[in-house]
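Q: Just dropping this structure here.
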């Protein structure tokens, strides 16, 4: 057995985003649950997830026959204003995340405040980097297609 | 909760805007003398030296001493891990939130349309 102790490999990350959505708060919350569940997508198409929308409920990918990938637990849920998830998300490394969606409706517009805070291990393991590259190119492809579709609609 | 030291990891080291500006300057891959960095970022030499010291401690820059001068050079490898990690999540969440906005707004429009639809007088 090899044991390695290294420094400078545990990092923290914070991602914040605020979005105004022209829809009532109940509609936005319902859509959020769908988007994190059966409507979850990848560039290859739908990648349905299961979100058990209650405290302690699981957020996971069910591949059938007992196979799957656990992404997190519902840490807090207060429909239609709060959903909080904690867990490893899609990282197969020692890393932990807290994700919060906070909704507030004002004058018919719902403000979605999103926060993702994470801490965990980062290394230059070629296998890990290979995985990242794959994920990045996948999401990049999706964004490119989405931007193109939005541009076409705007014309 | 106490704040993490600026030299605890790359994320903390590059959180400071002035240090990101210095990284942007060193991005051309060549060696920069401290004096040249000072001239470009327009802050005092002690401040620039302090920022370069932090970046050096987390491995973002390397330093060589030639005579009286110190030269700094960007090392992209530690930044790549941070950049990739952050970018992967940024893309994922941005996509998800865009989809929620798009779908929720469509649902809201459909709801308004249903509510404003004239009722069939025969029913």
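Q: Scan B:15, B:86 and give me the residue that is within 14 Å of chain A (Cβ to nearest Cβ), in a loop (DSSP other than H, G, I, E, B) and surrounded by fewer than 19 Cβ atoms within 10 Å (Cβ to Cβ).
A: B:15
Q: Continuing with the same structure: Failed condition for residue A:46, given (1) closer than 17 Å to residue B:92 by Cα; (2) touching a strand residue (DSSP E or B) at 6+ places or on another chain (Cβ under 8 Å), with all others met?
A: (2)
Q: Now for a separate question. Got a number for residues in segment A:15-26 being facing chain B (nearest Cβ under 8 Å), surrounded by fewer than 21 Cβ atoms within 10 Å (Cβ to Cβ) and farther than 14 Å from residue A:100 by Cα?
A: The total comes to 2.
Q: Please verify whether residue B:58 is within 14 Å of chain A (Cβ to nearest Cβ), farther than 30 Å from residue A:34 by Cα and crowded, with 17+ Cβ neighbours inside 10 Å, treating the condition exactly as stated.
A: Considered against the rule, which asks whether it is within 14 Å of chain A (Cβ to nearest Cβ), farther than 30 Å from residue A:34 by Cα and crowded, with 17+ Cβ neighbours inside 10 Å, residue B:58 comes out as yes.
Q: Out of all the residues in segment B:39-55, which are surrounded by fewer than 18 Cβ atoms within 10 Å (Cβ to Cβ) and touching a helix residue (DSSP H, G or I) at 6+ places or on another chain (Cβ under 8 Å)?
A: B:40, B:41, B:43, B:44, B:45, B:47, B:49
Q: With respect to the numbered conditions (1) surrounded by fewer than 19 Cβ atoms within 10 Å (Cβ to Cβ); (2) in a helix (DSSP H, G or I); (3) at pLDDT 75 or above, which one is the sole condition not fulfilled by residue B:119?
A: Status for residue B:119: all satisfied but (2).
The values are calculated or read from the model by the stated rules, or taken from the named source; none is laboratory data. This structure is a prediction, so every number in the text was calculated from the model and none was measured. Ideal geometry is used to build each Cβ from the backbone, glycine not excepted, and the neighbour counts take in all protein chains shown.
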